[in-house]
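Everything on this sheet refers to the single structure shown next.
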Amino acid sequence: MNIEKWNEICFYLFENIKSDISESDFEQNVIQALRVLDWKEFLGDIQIRPSFQIGASNRIMPDFVINSTEKKKLFVIEIKQPSLPLNTNFQQQLFSYMRQLKLQYGILIGQVIQIFYDGDLTDHDDPVLLETIEFNTDNLRGEKFVELFSKEDFQLYRLKEYTLNSLKKLNRKADQKKLQQKIISSEFQSQVSELIKQNFLNQFDAELIDNVLNEISISITLKNKTKPVANKVQDLIKERTQSISTRDKTKYIINNRDRRLAKNRFVLEVVKLSLLQQPRDFNSLKNLFKDELQGSTGVINKLESVLIKYANKGNKRHFIGDNEILTSSDKVQFVVSTEWGRDNIKNIVDLARELGFEITEV
């Protein structure tokens, strides 16, 4: 039944359209495809280009929002002309709607169907592409799409299971590399010697086997991927550096106060004190606490943008408690990043000293 529904969706969204179909005409085909999944506009299941108030003066208008029987928003759909390849700009537009509407799932429909997830099951800042489904008849991925997103069978727990399985597949390459490293490690190679010994104990005595093993060398390497000695040394240095970094427990004292601050609390306090020392507008603060001092997140960001960007995340990666939200001289509320480690904290220590603060590391 689901495969038949998928084949009908392929008919509406691929087989029965002109190559130069406009986005507005394509929208009607998408509505027909949604009807195949039993979502109906007259029941309030489908909102077509709804307008939502965002903040005091902004509005957003996604192409479709799908609602439950109780009129709770379930997921958002953005469509593009099938003649246009789906690109990052289209994806970012969908991501914006997902965050503004606080929806974990979004679907992009054009030349293909793309399913995106944004939530705590992944640490990525941006929504993650779970699946790209081409419009091929009898497509098993398409059959799964119908199963997950049809009105009759729609359940968030099923989507969660699907998401976890998809993320597991995406992480398979990383898991493969990790397993390779374990297999070629010296620790595992010593285990191989023990396995060889156990295999021959029913034929030879243990002393004889040990003597033989002591006279041979066992080496496991990746096929055609042997590294030059210099690269191996660099890898060992990097591994050692990372190991030290994870164990770093340095605390920071500002101006000989009694408080010993962890890295992220230290940064928050430096920003607070700098505001007391010299009030600045938000742009000046961004120029002082430059994004590159932290890295990917930035040292400080506007509260509004953080709440939107991490709308579907439990961890907002910033201090957002009532007594942690700061205000610039031009009345912009902003927050400080919590993402600090050995590699980037030195940037703030150096900046704090340039600002005249006495910093003690303990």
Checklist entry - Once the Cβ-Cβ distance between R259 and D125 is put in as r, and R0 is 35 Å, what FRET efficiency do you end up with, to the nearest 0.05? => result 0.70
Next on the checklist: About the Cα centre, and with charges only on the beta carbon of Lys, Arg (+1) and Asp, Glu (-1), how big is the dipole of the chain? Nearest 20 debye, please.
Outcome noted: 1180 debye
Next on the checklist: Classify the range 15-99 from the C-alpha gyration tensor, please: rounded if a/c falls under 1.5, else prolate or oblate depending on whether a/b exceeds b/c.
Outcome noted: oblate
Checklist entry - With labels modelled as points extended 7 Å from the Cα through the Cβ direction, what inter-label distance (nm, one decimal) is found for L167 paired with I21? => result 3.4 nm
Next on the checklist: Tell me the relative contact order for the range 50-186 as a rounded percent, counting alpha carbon contacts under 8 Å between residues six or more apart.
Outcome noted: 13 percent
Item to check | Exposure rule at most 16 other beta-carbon atoms within 10 Å, DSSP loop GluC sites (Glu not before Pro): the chain longest free segment | outcome: 216-323
Checklist entry - If Lys and Arg each add +1 and Asp and Glu each add -1, what is the summed charge of the other residues whose beta carbon sits under 15 Å from the beta carbon of S193? => result -4
Checklist entry - For the chain, what is the relative contact order in percent, using Cα pairs closer than 8 Å and at least 6 residues apart in sequence? => result 13 percent
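Which whole-number percent is the relative contact order of the range 1-125 (Cα, under 8 Å, 6+ apart)?
RCO, the range 1-125: 17 percent.
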Item to check | Extended-chain gain in nm, criterion 0.36 nm per residue less alpha-carbon gap, N202 and T69 | outcome: 41.0 nm
Checklist outcome for this item: The convex hull of the Cα atoms of the range 299-359, divided by residue count, gives a volume in Å³ per residue of 109 Å³
Item to check | Rounded, prolate or oblate (a/c below 1.5 giving rounded, otherwise prolate when a/b exceeds b/c) for the range 252-361 by Cα gyration tensor | outcome: prolate
Checklist entry - Can you give the FRET efficiency for K182 and F52, using 1/(1 + (r/R0)^6), R0 = 41 Å, r = Cβ-Cβ distance, to the nearest 0.05? => result 0.25
Checklist outcome for this item: Options (i) 25.1, 83; (ii) 20.2, 58; (iii) 28.0, 84 for Rg and Dmax of the Cα atoms in Å; the value derived from the coordinates is listed as (iii)
Checklist entry - Taking the alpha-carbon centroid of each part, what is the distance from the range 160-207 to the range 307-333 in angstrom? => result 44 Å
Checklist entry - Rounded, prolate or oblate: which fits the range 2-172 when a ≥ b ≥ c are the square roots of the eigenvalues of the alpha-carbon gyration tensor, with rounded for a/c under 1.5 and prolate only if a/b beats b/c? => result rounded
Checklist entry - How high is the FRET efficiency between D248 and T221 when r is their beta carbon distance and R₀ equals 41 Å, given to the nearest 0.05? => result 0.80
Checklist entry - Under unit Cβ charges (Lys, Arg +1; Asp, Glu -1), what dipole magnitude, rounded to 20 debye, does the range 32-155 have relative to its Cα centre? => result 580 debye
Item to check | trypsin sites (Lys or Arg not before Pro) within the range 1-59, DSSP loop, no more than 15 other Cβ atoms inside 10 Å | outcome: K18, K40
Checklist entry - What dipole magnitude, in Debye to the nearest 20, does the range 252-361 give about its Cα centre under +1 on Lys/Arg Cβ and -1 on Asp/Glu Cβ? => result 240 debye
Checklist entry - In what order do R342, R317, R259 fall by count of nearby beta-carbon atoms within 10 Å, going from fewest to most? => result R259, R342, R317
Next on the checklist: Can you bin every Cα-Cα distance in the range 102-222 into 5 Å intervals starting at zero and give me the percent of pairs per bin, rounded to whole numbers?
Outcome noted: 2, 9, 14, 14, 11, 7, 6, 6, 7, 8, 7, 6, 4, 1
Next on the checklist: A 31 angstrom limit on the alpha carbon distance is what I want to check against. Which of K309/K331; K40/K80; K71/K316; K71/K169; K263/K313; K286/K313 exceed it?
Outcome noted: K71/K169
Checklist outcome for this item: Helix-only [θ] at 222 nm, the chain, -39500 (n - 2.57) per DSSP H run of 4+, per residue, nearest 500, equals -13500 deg cm²/dmol
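Here, each number is a calculation from the coordinates, and none is a lab measurement. Not measured: the values here are computed from a predicted model. Cβ: placed from backbone, ideal geometry, glycine included. Neighbour counts: every protein chain shown.
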